Amino acid sequence: MEHSGYNRFDTLREQVVGRAAAPISPGHHVIARFSAMLLFVWPWPHQWTVIVLLSGITVTAILIAVRKSISARRLNLELVSANEKLQLLPQEVKTRARLEESLRDAQKLEAVGKLAGGVAHDFNNLLTIINGYSHMMLDSLSQHDAFRSHIEEILKAGSRAAALSTQLLAFSRRRTVAPQPLDLNHAITNLEKLLRRVIGEDIVFNIRLYPQLPRILADSNQIDQVLINLVANARDAMRQGGTLRIETSRVEIHTRPSKAKDLAPGTYVRLTVVDTGHGMDAETKARLFERFFTTKLSGKGTGLGMATVAEILRENQGTITVVSEPGQGAEFSIFFPGLAVGESCEAVEQESGHLLKGDETILLVEDEALLRQMLVQTLTRAGYFVIEAGDGSEALCKWRQERTAIDLVLTDVVMPIASGVELARQITAESPSTRIIFMSGHTDEVIAYHGVAASGTTILQKPFVRPALLKKIREVLDAGGQDAKRVRSAPLYQRAPGL
Ligand SMILES: Nc1ncnc2c1ncn2[C@@H]1O[C@H](COP(=O)(O)OP(=O)(O)OP(=O)(O)O)[C@@H](O)[C@H]1O
Ligand SMILES: [Mg+2]
């Protein structure tokens, strides 16, 4: 029996447990979807073939019967984890066309995932450079300089590109998700300008925010993505104009069944996005969250928007409901569990606070010279003293020479000569209390592979903007207790949407 390292059986269990075994004959296919993270191509004994494809969100296992003598009793596919044993029973026989379609979808998705993961590193480095220098130029111009608006446009475009890269990575599950206590009203207000640009001029846009909204636990980039996707769809549904309303409210659910079914009793934060567009028929509603399902012309929609929303909500404990009829517009409601007051942490308060500066010494390790240069300038302008290194081994030399002076190591993860992780390992071995921040534009598989995520160190996801970088540096430097240095502050730059 072949064994594999699956760690998530729940979906599979739901699908297979309790279903009757059906006879299998040659040419019949069995299809099962289940969550998993790894890619396997798995030669099956007795001439059964099991192809397991990485499809980003789900893994599709296709079992093709090729031999007549296969007994019709039951197909036992044993997936064995440490303490579980599951049987996959043939449950559904699909037509070849449907099967091939599923396979194509899975391959398409795999290609999207690979592409996203593959370009992420370079792309995120480039975006960090573009956005970083734009911020710096903006600083050096006077309030009335005619070029300000040009640079602001570059920054906006940079933010959108970053949001897009995040979207692709999130979709292929290669991004590190960082849920934190979050004020949804704040997230909406921050994104308002960008949303207005997405919507265009012909649509009336209203925002109604409930004043005392509990915080939610969510990744702010992902919440931005949800908003952008919902708003873009609403815009597409209102080509002749209309009204779009975004609303937040607090909802107490006391008993089941609730309006949003499946919600356990408790306090929820509801995000509602309502449009007066062309609405949806029953089939569209039923397929709304399917990957690659789109009613838009080729080139106008990829059908990934709502699939991404669904995936994000799954990761952030959100539940979505949809009310829509043809010609009657659409109303999407998303419910997030509200945090109790005590659960909110200061991280959120800091958002509206200050761009933090400092005078500590930072060892900066980054192999991409352009990016390193930009970071040196950013850090120097914020008051820090910077020691530069182009790879892990150079960094280790410099660290050994200057270790008493260095307060923080800010390092790239993946570098050609001695990775950031190797560097961190060495440094931590020699001086366990050294503070280290990893900058990563890479997939979280790479991070997991190198063991960064497990070591509990701080990770800053590329592309980042200056406020995020400086804030993270202060958080890490100030987290040290008595030896925490004095915090000085300057006015905050508004958080760029999508970053
Ligand atoms: N607010 C809405 N009003 C009417 N139809 C909608 C609305 N939101 C989504 N839909 C329907 O659901 C389909 C799937 O939406 P989804 O966002 O997943 O993909 P898309 O918008 O077609 O493409 P993409 O978002 O990848 O560019 C849309 O093609 C559209 O038919
Ligand atoms: Mg869409």
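The values are calculated or read from the model by the stated rules, or taken from the named source; none is laboratory data. What you see is a predicted model, and the numbers here were worked out from it, not measured in a lab. Counting neighbours? That spans all protein chains shown, and the Cβs are built from the backbone with ideal geometry, glycine included.
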Margin query: Being of a type in the set (Phe, Trp, Tyr) and surrounded by 19 or more Cβ atoms within 10 Å (Cβ to Cβ) is the filter here; which residues of region 368-407 pass it?
Written below: TYR384, TRP399
Check: Do we have any residue at all in region 207-220 that's modelled with pLDDT under 85, touching a strand residue (DSSP E or B) at 6+ places or on another chain (Cβ under 7 Å), polar (S, T, N, Q) and in the same structural domain as GLY241 (by TED's automatic domain parsing)?
Finding: yes
Margin query: For region 297-340, which positions are part of a loop (DSSP other than H, G, I, E, B), under 18 Å from the mean Cα position of the chain (by Cα) and within 12 Å of ligand 2 (Cβ to nearest atom)?
Written below: GLY303, LEU304
Item checked: Among (1) of a type in the set (A, V, I, L, M, F, W, C); (2) near ligand 1 (Cβ under 9 Å from one of its atoms); (3) over 19 Å from LEU182 (Cα atoms); (4) not in a helix (DSSP H, G or I), the one test that VAL273 misses -> (3)
Notebook entry, point to check: Taking the condition outside any helix (DSSP H, G or I), more than 8 Å from ligand 1 (Cβ to nearest atom) and surrounded by 15 or more Cβ atoms within 10 Å (Cβ to Cβ), does THR294 pass?
Noted result: no
Check: In the list THR248, THR308, THR243, THR276, which residue meets the criterion of being in the same structural domain as GLY200 (by TED's automatic domain parsing) and surrounded by fewer than 18 Cβ atoms within 10 Å (Cβ to Cβ)?
Finding: THR243
Check: Among the residues of region 183-195 satisfying the criterion of being without any contact (Cβ under 8 Å) to a residue 60 or more places away in the chain and either of a type in the set (Val, Ile, Thr) or within 16 Å of ligand 2 (Cβ to nearest atom) (or both), which is nearest to GLY277 (Cα to Cα)?
Finding: LEU195
Note to self: Cβ-Cβ under 7 Å, sequence separation 6+ or interchain: first residue in region 304-330 and more than 23 Å from TYR268 (Cα to Cα) and touching a residue at least 40 places away in the same chain (Cβ under 8 Å), partner outside any strand (DSSP E or B) and more than 16 Å from ligand 2 (Cβ to nearest atom). Which pairs?
What the structure shows: PRO326/ASP281; GLY329/THR276
Check: Do you know which residues across region 196-244 are over 18 Å from THR276 (Cβ atoms) and of a type in the set (Gly, Ala, Ser)?
Finding: ALA218, SER220
